[in-house]
Amino acid sequence: MSKMLRVNELSYRYGTKQVLHRVSFAVEQGEFFGILGPNGSGKTTLLKLLSKELPLQEGAIALNDMPLVSFSPKQLARVVAVLPQSVEAAFGYTVKETVELGRYAHQRGLLPKWTEEDERAVQEALAKTGLLAKQQQPIDQLSGGERQRVYLARALAQEPKVLLLDEPTNHMDIAQQVRLLNELKQWTNEKRLTVVAIFHDLHLASLYCDRLLLLHEGHVAANGTPSELIEETTMEHVFHVAVRRQAHPVLPAPLLTFLPHVKHMSEGLASLTMTTTSEQLVVTTKTPFKVLSSAVVGAGVQWARYFVNRHVPKQYTSSDPEAEMKQYLRERSFDVQQTIGMMTAVHVEDASIVYEKDLEVSLCAIVTAGVGNAVDVTKAWQQNVSSSVGTINTMIFIDGMLTDAAFVQAVMTATEAKTKALSDEGVLDPVTNTFATGTSTDCIAIAASQTGREYAYAGSATALGKAIGRAVYEATINALRNYEKRKGERR
């Protein structure tokens, strides 16, 4: 890809104050390039130098391999469009009249003629910014966010090769921000438009930018892809706040979570209460616990206060179990956003509860277990495994702060303990007659108070892992025996 913009050893000072120090980078054609940094890091000054609003002092800027200083204002306007942070409102103009001003750079002669090409460019810019329905409306009747879109449409109407934006989503609501950035990203892909934009929102920059430049006190702190640049140590050094990096749930992009000084307070396991009826087993915590689960409702990672293990008949069927379970929870006044919801064909009154508490670990394991649809996972490919309601549900509540690694290892440790319990109880896959490893739709939830002792790991070599193994093994054994006892009573 060709370099549309090259910046080499750029420095700038206001009087005696040096605001940029030997800044160098390049932007490729068709790239969405973001500029990040705290207030006062030199972002806006850099953008003004790129647009020739400020004169060069030291260093060089090349636009499409031509020195920027060689462009006349009108020549530059045919290649570069600018949306500054604040624009003086053109009161008295309609939206369309304001956007039409973007065609100035393409006008020729003393009495320029409005062409079909001009009209097409204006209408396309209005469409891209969602302003077609408002084009005859006076600009002074618009909200701040709508005006921002008008000025962006004016810049797009120039049909530039390079678009310079200083906080393009300023004054816009979330829906407008996403819609606008989607359109800009599409233009970079389809029209090879090069976008250089200042962002304050790190999440938006991570999602939409191909590469990022991070400025810190006028210096280049980092330059690279969002995955390379948005990193905990770098962000903490530049912005002086504690952060945690996470993966975006849909895209291969990083997200940062800022950590406030306010601490999460929890009473740990002391705040747990449990109620059991023939319909459901419910565990409630006074404050939310962080949970990793495979539950029907609340799967993945979330914070929850309610843990519902619901009894359903063996014949239960639903085209959308998650939606049906959410409706069930709402009808019983549970906050779905703070609830982990499971289903089991086992009688929940037969749940087994085991506590592990010593100087190093405090936890509770709750298991409901039955083997009506037991399966050997290593042989499952040989048969049509039933997708009926699972019968082994495991909940583990831990008083402590778990890392991501510890959460995942806790799942592994608990699963190993469950499988060992099935083996020791002689549970077989009825189709293959080999030892069962679980049932076809087992479910697990690891819930931690995220206060108190920190646990980096939860494997079998750790105190936490050993406690999980003991508790889950014992609870599963007891739950299986409760299940067998009930079966015997029915005979």
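Things worth noting here:
- Flag for Leu68 being under 24 Å from Asn8 (Cβ atoms), under 37 Å from the mean Cα position of the chain (by Cα) and either assigned by TED's automatic domain parsing to the domain that holds Glu28 or buried (at least 17 other Cβ atoms within 10 Å of the Cβ) (or both): no
- Top-ranked residue in region 445-473 [being hydrophobic (A, V, I, L, M, F, W, C) and surrounded by fewer than 23 Cβ atoms within 10 Å (Cβ to Cβ); ranked as nearest to Asp424 (Cα to Cα)]: Ala461
- For Arg179, the stated conditions do not hold, so it cannot be described as at pLDDT below 90, under 17 Å from Gly102 (Cβ atoms) and surrounded by fewer than 22 Cβ atoms within 10 Å (Cβ to Cβ).
- In the set Met342, Met325, only one residue is without any contact (Cβ under 8 Å) to a residue 60 or more places away in the chain and hydrophobic (A, V, I, L, M, F, W, C); that residue is Met325.
- Within region 259-292, the residues that satisfy the criterion of being in a strand (DSSP E or B) and either under 30 Å from Arg245 (Cα atoms) or not assigned by TED's automatic domain parsing to the domain that holds Gly400 (or both) are Thr284, Thr285, Lys286, Thr287, Pro288, Phe289, Lys290, Val291, Leu292.
- Thr277 under 16 Å from Val367 (Cα atoms), over 18 Å from the mean Cα position of the chain (by Cα) and surrounded by fewer than 13 Cβ atoms within 10 Å (Cβ to Cβ): yes
- Some residue of region 203-210 being of a type in the set (Gly, Ala, Ser), assigned to a strand (DSSP E or B) and touching a strand residue (DSSP E or B) at 6+ places or on another chain (Cβ under 6 Å): no
- Strands (runs of 3 or more DSSP E) contained in region 314-368 and holding at least 3 residues more than 26 Å from the chain's Cα centre (by Cα): 352-357, 362-368
- Matching residues in region 1-55 - criterion: being assigned to a loop (DSSP other than H, G, I, E, B), buried (at least 19 other Cβ atoms within 10 Å of the Cβ) and in contact with a His (Cβ under 9 Å, 6 or more places away or on another chain): Gly37, Ser41, Gly42
The values are calculated or read from the model by the stated rules, or taken from the named source; none is laboratory data. Every value quoted in this text rests on a predicted model; they were computed, and no experiment measured them. Neighbour counts run over all protein chains shown; Cβ positions are idealised from the backbone, glycine included.
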